[in-house]
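Everything below concerns the one structure shown next.
The values are calculated or read from the model by the stated rules, or taken from the named source; none is laboratory data. Predicted, not measured: the structure shown is a model, and the values here were computed from it. All Cβ positions, glycine included, derive from the backbone under ideal geometry; neighbour counts span all protein chains shown. Accessible surface areas use protein heavy atoms only, side chains included; no ligands, DNA or RNA. Shrake-Rupley method; radii C 1.70, N 1.55, O 1.52, S 1.80 Å.
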Amino acid sequence: MNNFTFYNPTKIIFGKGELKQLDDLVPKESRVLVLYGGGSVKKFGTLDIVLNELKKSKRELFEFGGIEPNPKFETLMKAIEICRKEKIDFLLAVGGGSVMDGTKFISLAVSASDYFGREKDLVYSGRGVSLKSALPIGTVVTLPATGSEMNSGGVITLGKDKLSFNNILTFPQFSILDPTLTYTLPATQVANGVVDTFVHTIEQYLTYPINATFQDRTSEGILKSMLEIGKKTIDDPTNYDLRANLVWNSTMALNGLIGAGVPQDWSIHILGHELTAIFGIDHAKTLAVILPALWKIRIDKKEEKLAQYAQRVWHITTGTTREKALKAIQKTEEFFQSLGITTKLSDYGVTENQLDEVIEGLKRHKFTAISETSDLTPDIAKEIYLKSL
Ligand code: NZQ
Ligand code: ZN
């Protein structure tokens, strides 16, 4: 196992009806900006409950709606202006990954006086940015998928760039996970949540053996959970047990726990982000097209772990290591398809002649040596994209 530091300060409040804790969690007498997306929280009543809870104490409340999926820098800048003008001192994100990520970016940018006027650099400089403070954040999760509610990362869109940032200051102080708030999700978003959770786990698990038993067995548990409940929670959206398990697996898949001390890949995400940036395909749907193609191209590197995955997650016990690996790839592809998510990029109308622009994006973003062994070059990426068509 590799050396590691594990740190996660986010308090989780889980369960039906737990929005009632908001009044105790958000500082009294604060100036709170409540942030949300395109309107689902208004339509389904979550915003009203949140505001009523916050009004139980003396707080100044402000609202900012309209954070779009794959949140845009320009939209977030508008919220940053409100924060500066109104001297906001607490941010409450109510929504999915896009609202939470956007809120994290806002929390950094509002306080980073060195970056005033050049806030984009907070993302373009990526992990290198060191800051002294950020606005505190709380979240109310309405879409289980990204794990953003319990991690310090975020992804935002700047024109045709979809880039991530990570800062220890952006761990939410608390996140409320009430599975019933997710009942109103369209089936396709629930399917996205299942696939995103699955692939977050894969990025941290399916590399090469390092004999990390806790991380492996826990990852395999999350993967098996997704196989067991994924389809069921799409088909039976108001079944509390099923949905509660999706919500908790989703959070645990990307809060640092299973990734501590093990090699991590993240090429599936990096290749996927370029597809979202250029073609607007939902985040999780890009992962479903890249994963099978990447495994087929990189099978020599990943064969041992693929065979372990085949055996422990899919119970494939016969055949050579290679045969088990191939069977597991096929099974995974079928699993995504069973959720109603295609594994073919051409199904989104993308053609071979559009791939050069995608590769240019990877190069522009300096993703020229990615993967767990930093050897996935733009040429190999091109092979993967071609395979995914
Ligand atoms: O905008 P509204 O009207 O709220 O509708 C949203 C949106 O259209 C809708 N929705 C959310 N909760 C709902 C609901 N509709 C009905 N009922 C509810 N309860 O769902 C749509 C998608 O929302 P979005 O937040 O975009 O989805 P998701 O949670 O999948 O987030 C995707 C974003 O997160 C990033 C992705 O790149 C993408 O930008 N990621 C963030 C990560 C992180 N911070 O760690 C890691 C991930 O790998 C990912 O990259
Ligand atoms: Zn993801």
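Ala134 satisfies every condition listed in (1) outside any helix (DSSP H, G or I); (2) in contact with a strand residue (DSSP E or B) (Cβ under 6 Å, 6 or more places away or on another chain); (3) closer than 18 Å to Ser30 by Cβ; (4) among the aliphatic types (A, V, I, L, M) except (2).
Within segment 236-263, the set of residues being free of Cβ contacts under 8 Å to residues at least 12 places away in the same chain and closer than 20 Å to Thr188 by Cβ comprises Asp236, Asn239.
Scan the helices (runs of 4 or more DSSP H) fully inside segment 29-104 and keep the ones with 3 or more residues being in contact (Cβ under 8 Å) with a residue 40 or more places away in the chain and closer than 25 Å to Thr10 by Cα. Hits in segment 29-104: 46-54, 73-86.
Among residues of segment 172-199 that are open to solvent by 20 Å² or more (accessible area, probe 1.4 Å), those with a Cβ under 7 angstrom from a residue that is away from ligand 2 (no atom under 16 Å from the Cβ) and part of a strand (DSSP E or B), sequence gap 6+ or separate chain, pair up as Gln173/Lys11; Gln173/Ile137; Gln173/Gly138. Selection within segment 200-214: residues that are more than 19 Å from the chain's Cα centre (by Cα) and touching a residue at least 24 places away in the same chain (Cβ under 8 Å). The member of this set that is farthest from Lys301 (Cα to Cα) is Ala212. Note on segment 204-220: residues that are out of contact with any Leu (no Cβ under 9 Å at 6 or more places or on another chain) and open to solvent by less than 30 Å² (accessible area, probe 1.4 Å) total 4. Within segment 342-374, the set of residues being closer than 26 Å to Asp300 by Cβ, open to solvent by 50 Å² or more (accessible area, probe 1.4 Å) and not hydroxyl-bearing (Ser, Thr, Tyr) comprises Lys344, Glu352, Lys363, Lys366, Phe367, Ala369.
Of everything in segment 239-263 that's within 17 Å of Val141 (Cβ to Cβ) and more than 15 Å from ligand 2 (Cβ to nearest atom), which residue is most open to solvent (accessible area, probe 1.4 Å)? This residue is Trp248. Of the residues making up segment 62-83, one or more are modelled with pLDDT of 95 or more, open to solvent by 70 Å² or more (accessible area, probe 1.4 Å) and over 20 Å from Gly117 (Cα atoms).
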